[in-house]
Amino acid sequence: MQARTPALPLSDKMAHQKTLEKLVPQYVVGAKVSKVETLHGGLINATYLITLSSEKGEEHLVLQRVNTAVFNKPELVMGNIKKVTQHLKEVAPSARNLKLEPTLDGAHYMLDGKGGLWRAFNYLEDCIGHEQVETREQAYEAGSAFGMFLRQMDGLEADTLEEIIPNFHDTPKRLEKLEKAVEENRANRAGVISRQLEFIEARKSWISKIETLRTSGEIPTRTTHNDTKISNVLFDAKTDKAVCVIDLDTVMPGSMLYDFGDLVRTSINSVPEDAAEEEVTCRLDIFKAITKGYLEAAQGTLCKKELELLVFSAKLITLELAMRFLTDYLNGDVYFRVERETQNLERARNQLRLVELIEENEVEMDAILKALITH
Ligand code: GN1
Ligand code: MG
């Protein structure tokens with residue numbers, strides 16, 4: 001069973017229910033929808049676990065509505081996912097992995113006529129999800145799932161994939177967007193973020209580092225996941241070992257450094273992204289476990305330069321997320337789902353505190369990394 005958090009407002013779920021009932025007969029004949037549950041609490045898409053009953057018994061299907069405001073070329077997303085899931089089948093035929101389920105007519109997605117794109121995945125039975133990293137074992141497993149994904153994707157040339165969201169992890173461009181949002185001040189909120197802007201301004205000298213090295217070819221452009229948090233890993237319900245990674249929407253060409261960094265960012269902090277900044281933590285034991293799991297599973301895929309920048313990547317992506325949350329706060333919360341007016345600002349403060357903590361611990365984190373690389 002995947003994580004079941006109430007990810008969506010009830011009104012969305014009710015509106016989707018009718019669409020779901022229309023879509024299901026395109027996948028199976030003679031089955032009735034006996035239950036619809038919300039799955040996996042992302043901030044962007046809506047995901048449902050459909051329980052179907054027929055004479056054969058119960059079966060499950062995961063139906064997901066892609067947010068076309070974020071993914072404005074969803075057919076390109078689907079093209080990438082098709083390539084990635086096929087590649088996974090080739091390189092790891094016996095592994096339990098995500099599979100796109102085609103409709104009875106062989107289509108990999110359907111449009112609902114209301115701006116939504118729907119697709120179906122297999123439901124991986126007896127799996128659980130974790131919203132936060134609680135233990136070192138989970139951190140190791142999450143690291144190993146994404147390290148394995150990196151290795152598996154090594155044979156899938158990045159230039160065969162579409163860039164789903166252009167400049168997704170281009171930190172200098174994220175800064176430009178923030179600066180533009182400050183200037184436009186659409187939601188009239190710029191007055192309250194001067195402390196945050198100063199903090200970012202003081203770190204301008206290093207924000208282009210990864211993009212400069214990537215565009216000059218000193219670090220490779222690979223097939224990357226781009227949303228590497230523990231909630232995008234499925235775990236075996238019995239053993240709590242990682243089964244596979246999910247959420248393939250943002251798989252596209254990029255640097256693995258953003259993937260590793262984002263996994264560290266979302267794992268070392270023991271509190272959610274919108275928790276008060278005083279509660280933010282930088283758990284070094286968790287960092288060690290993730291890194292160990294990642295490097296063991298990636299088995300030498302990384303080049304020297306990538307290895308050198310692993311700790312830096314965590315600091316950079318955390319600053320990038322703070323910029324994204326601040327930008328959305330200034331633009332009036334048009335991108336990330338919010339439940340309250342200040343939530344994006346809270347997320348930004350939380351992330352900036354995490355940048356500060358990573359800075360304080362950077363030397364130690366680099367020592368942990370070096371020890372893992374040489375052993
Ligand atoms: C978004 O929807 P979700 O939670 O999978 C975002 C990620 C951010 C994350 C922050 C396509 O992911 O980049 O890291 O929120 N995804 C997109 O919580 O923008
Ligand atoms: Mg996601």
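Looking at the stretch 249-290, which of the residues that are among the hydroxyl-bearing types (Ser, Thr, Tyr) and within 25 Å of GLY217 (Cβ to Cβ) is farthest from the chain's Cα centre (by Cα)?
Out of the qualifying residues, it is SER255.
Would you mind stating whether LYS83 is open to solvent by 50 Å² or more (accessible area, probe 1.4 Å), part of a helix (DSSP H, G or I) and free of Cβ contacts under 8 Å to residues at least 24 places away in the same chain?
no
Specify the residue that is most open to solvent (accessible area, probe 1.4 Å); the eligible residues are those in the stretch 318-360 that are closer than 28 Å to PHE287 by Cβ and acidic (Asp, Glu).
Here the residue is GLU360.
Search the stretch 216-241 for residues being within 28 Å of LEU357 (Cα to Cα) and not in a helix (DSSP H, G or I), and hand back the single one that is nearest to ligand 2 (Cβ to nearest atom).
ASP227
For every residue, the table says whether it meets (1) within 15 Å of ligand 1 (Cβ to nearest atom); (2) among the aliphatic types (A, V, I, L, M).
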residue: GLY30; (1), (2): no, no
residue: GLN64; (1), (2): yes, no
residue: VAL84; (1), (2): no, yes
residue: PRO93; (1), (2): no, no
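Which residues, counting only those in the stretch 326-339, are within 16 Å of ligand 2 (Cβ to nearest atom) and out of contact with any helix residue (DSSP H, G or I) (no Cβ under 8 Å at 6 or more places or on another chain)?
ARG337 - this is the single residue of the stretch 326-339 that is within 16 Å of ligand 2 (Cβ to nearest atom) and out of contact with any helix residue (DSSP H, G or I) (no Cβ under 8 Å at 6 or more places or on another chain).
Residue-by-condition table, conditions (1) touching a Ser or Thr at 6+ places or on another chain (Cβ under 9 Å); (2) of a type in the set (Lys, Arg); (3) within 16 Å of ligand 2 (Cβ to nearest atom); (4) free of Cβ contacts under 8 Å to residues at least 60 places away in the same chain:
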{"residue": "GLU306", "(1), (2), (3), (4)": "yes, no, no, no"}
{"residue": "ILE317", "(1), (2), (3), (4)": "yes, no, yes, no"}
{"residue": "GLU341", "(1), (2), (3), (4)": "no, no, no, yes"}
{"residue": "ASN344", "(1), (2), (3), (4)": "yes, no, no, yes"}
{"residue": "LEU352", "(1), (2), (3), (4)": "yes, no, no, no"}
{"residue": "VAL355", "(1), (2), (3), (4)": "yes, no, no, no"}
{"residue": "GLU359", "(1), (2), (3), (4)": "no, no, no, yes"}
{"residue": "LYS370", "(1), (2), (3), (4)": "no, yes, no, yes"}
{"residue": "THR374", "(1), (2), (3), (4)": "no, no, no, yes"}
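Within the bounds of the stretch 106-115, is there any residue that is within 16 Å of ligand 2 (Cβ to nearest atom) and over 13 Å from ASP249 (Cβ atoms)?
No, that holds for no residue.
Condition check ((1) more than 14 Å from ligand 1 (Cβ to nearest atom); (2) in contact with a Ser or Thr (Cβ under 9 Å, 6 or more places away or on another chain)) across all residues:
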{"residue": "LEU156", "(1), (2)": "yes, yes"}
{"residue": "LEU161", "(1), (2)": "yes, yes"}
{"residue": "THR171", "(1), (2)": "no, yes"}
{"residue": "GLU184", "(1), (2)": "yes, no"}
{"residue": "GLU201", "(1), (2)": "yes, no"}
{"residue": "SER208", "(1), (2)": "yes, yes"}
{"residue": "ARG222", "(1), (2)": "yes, yes"}
{"residue": "HIS225", "(1), (2)": "no, yes"}
{"residue": "SER231", "(1), (2)": "no, yes"}
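I'd like to know if the stretch 244-251 contains one or more residues that are closer than 20 Å to ASN361 by Cα, open to solvent by 10 Å² or more (accessible area, probe 1.4 Å) and in contact with a helix residue (DSSP H, G or I) (Cβ under 8 Å, 6 or more places away or on another chain).
Checking the stretch 244-251: not a single residue is closer than 20 Å to ASN361 by Cα, open to solvent by 10 Å² or more (accessible area, probe 1.4 Å) and in contact with a helix residue (DSSP H, G or I) (Cβ under 8 Å, 6 or more places away or on another chain).
On the basis of being in contact with a Ser or Thr (Cβ under 8 Å, 6 or more places away or on another chain), among the acidic types (Asp, Glu) and either more than 16 Å from ligand 1 (Cβ to nearest atom) or open to solvent by less than 50 Å² (accessible area, probe 1.4 Å) (or both), does GLU58 make the cut?
yes
Can you tell me which residue in the stretch 243-265 is nearest to ligand 2 (Cβ to nearest atom), limited to those that are under 17 Å from PHE287 (Cα atoms) and of a type in the set (A, V, I, L, M)?
Filtering first and then ranking leaves LEU263.
Which is open to solvent by 60 Å² or more (accessible area, probe 1.4 Å), outside any helix (DSSP H, G or I) and not hydrophobic (A, V, I, L, M, F, W, C), of GLU179, GLU163?
That would be GLU163, the only listed residue that is open to solvent by 60 Å² or more (accessible area, probe 1.4 Å), outside any helix (DSSP H, G or I) and not hydrophobic (A, V, I, L, M, F, W, C).
Please go through the stretch 90-129 and pick out each residue that is aromatic (Phe, Trp, Tyr) and open to solvent by less than 40 Å² (accessible area, probe 1.4 Å).
Scanning the stretch 90-129 gives TRP118, PHE121, TYR123.
Just to check your reading of the model, which residue among ALA322, ALA314, ALA367 is assigned by TED's automatic domain parsing to the domain that holds LYS173, within 20 Å of GLU201 (Cβ to Cβ) and of a type in the set (A, V, I, L, M)?
The unique qualifying residue is ALA322.
The values are calculated or read from the model by the stated rules, or taken from the named source; none is laboratory data. All values reported here derive from a predicted model rather than from experimental measurement. We place every Cβ from the backbone using ideal geometry, glycine too, and count neighbours over all the protein chains shown. The area values use the complete protein model at the heavy-atom level, side chains included, leaving out ligands, DNA and RNA. Shrake-Rupley method; radii C 1.70, N 1.55, O 1.52, S 1.80 Å.
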